[in-house]
Amino acid sequence: MNENNEKNSNVSSGESPEPLTKKVARFSAIIYLCLAIAVVVVATVGIFSISYDYNESIPPVSFPELDFSPESSQTPPDEPSKPEIPVGGEESGVDAELSEPEPEVMFYRPVSGEIIKGFSMDALVFSETMKDYRVHSGVDIQAELGSDVVAYSNGVISSVTEDYFYGVTVSITHDEGAISYYMNLDPALAEIVSVGNEVLAGQIIGKVGNTARIESADPPHLHFELRFDGELVDPESELPEG
C-alpha cells in the first residue's frame, strides 16, 4: 500500500528516474579525466629529468693512487726534527751547549793515624819536650817514621822551609783562602815539592820525620796546621775520617 503511494507521489510530482547509462557515462568521464591528468604529470617529470644535467650538480670525486709495489712498503726516512720554539717567543735562558760540571773538591787526611795532641789556642797544654805549658797551634797526628804525607787538597806549593822549632815545613795554598802546613817532615821531600808547583789532593809530598825540636820528645808524628784567610782554625774539624 505504501509502495503504491510513493510511486503515485513521484508520478504526481512530474520527476522521472535518471537512466543507468547516463550514470555510467558520467563515471567514465571522471576516470578518463584522472588518467589524462596522470599522463600529463608523468610526461612533465620525464621531460624535466631528460633536460637536467646531473654532472653540474654532483662535485667530482678523486681517489688517491695507491702504490702496492715492494719499494713502497719501505719505511720513509725520518724527517729532521724541527727546533723547538720557546713558549711565547722568549728565550729559555738555557745555554745551547751544556758546560762540563766542575770537578768535586776532595780532601785527604795528610797522614793515617790518631791525633795525640789537639788544637788549643785558648788553653795551655803541657809540652813534654819543653817541660812547660803553652798553646798548640795545630794537631799532632801519630805515625811511624817514614810514613807517607799527602796533600790535604788541590793547591799550589807556596813555601818550603826549615823552621827552627818545627823542622822541615811545607805549605800549600788552596782555593777560598785556605793554607795547609805540614811540619816535622823528613828532609827528603817528594820531587814535586817546589814553590809554584801544583799538587793534587792525596798526592805524596813527603814523609814523617823527626825534625821538630820543640816536639822531639813526643812520639813520631806530623804536626798539621790549617789557616783560613790568615786565621788559625782547628784542623781536626776539617779532616776526613781514616
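No lab work stands behind these numbers, since they all come straight from the coordinates. Given the structure is predicted, the values throughout are model-derived calculations rather than measurements. No Cβ is skipped: glycine too gets one built from the backbone with ideal geometry, and neighbour counts run over all protein chains shown.
Table: residues versus (1) among the aromatic types (Phe, Trp, Tyr); (2) free of Cβ contacts under 8 Å to residues at least 60 places away in the same chain; (3) touching a Gly at 6+ places or on another chain (Cβ under 6 Å).
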| residue | (1), (2), (3) |
| --- | --- |
| Ile115 | no, no, no |
| Asp122 | no, yes, no |
| Tyr133 | yes, yes, no |
| Ile141 | no, no, yes |
| Glu144 | no, no, no |
| Ser147 | no, no, no |
| Asn154 | no, yes, no |
| Ser158 | no, yes, no |
| Gly167 | no, yes, no |
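Tallying residues that are closer than 15 Å to Tyr181 by Cα and either of a type outside the set (A, V, I, L, M, F, W, C) or crowded, with 21+ Cβ neighbours inside 10 Å (or both) within segment 204-224 yields 11.
Under 13 Å from Gly138 (Cβ atoms), of a type outside the set (Ser, Thr, Tyr) and touching a strand residue (DSSP E or B) at 6+ places or on another chain (Cβ under 9 Å): is that true of Glu198 in this structure? Answer is no for this residue.
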